[in-house]
Structure formats: structure tokens, C-alpha cells
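Okay, structure first, notes after.
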Amino acid sequence: GSARPFTYFWITDSCPLTVKAVENKAPFEVLSLAGSIAGALQI
């Protein structure tokens, strides 16, 4: 098997500590929720 079974593993930035632990490490990609939250709050 492959040493890296996932090409990408997306997570959200809702937990800053998790983002800090995986940022710039494959296969993790961080999706920002800021735009969605701002849209929901209409700001």
C-alpha cells in the first residue's frame, strides 16, 4: 500500500489548534469558514 493513502484531506479552520498542528503538512488542506460565517451574519 501507499505510505500516503490520501491525496487531500480537507479540514475547516474552526479549530485553530488543529490547523496549527497540520498546516503546511500533506495531505491536509484547510478550508476557511470566514466567508460563510460573514455571509450568514450578513456582514
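Tell me, please, whether a residue that is basic (Lys, Arg), out of contact with any Phe, Trp or Tyr (no Cβ under 8 Å at 6 or more places or on another chain) and in contact (Cβ under 8 Å) with a residue 12 or more places away in the chain can be found in the stretch 24-33. It would help to see each step written out before you state the result.
The first filter runs over the stretch 24-33 and keeps only residues basic (Lys, Arg), leaving 25.
Still in the list and also out of contact with any Phe, Trp or Tyr (no Cβ under 8 Å at 6 or more places or on another chain): 25.
From what's left, in contact (Cβ under 8 Å) with a residue 12 or more places away in the chain: none.
Within the stretch 24-33, none of the residues are basic (Lys, Arg), out of contact with any Phe, Trp or Tyr (no Cβ under 8 Å at 6 or more places or on another chain) and in contact (Cβ under 8 Å) with a residue 12 or more places away in the chain.
Which residues, counting only those in the chain, are of a type in the set (S, T, N, Q) and part of a loop (DSSP other than H, G, I, E, B)?
Matches in the chain: 2, 7, 14, 24, 32, 42.
Read-outs throughout are calculated quantities, based only on the coordinates presented, and are distinct from any laboratory measurement. On a predicted model such as this, the values are computed, not experimentally measured, just so you know. Here Cβ is always computed from backbone atoms with ideal geometry, including for glycine, and neighbour counts include all displayed protein chains.
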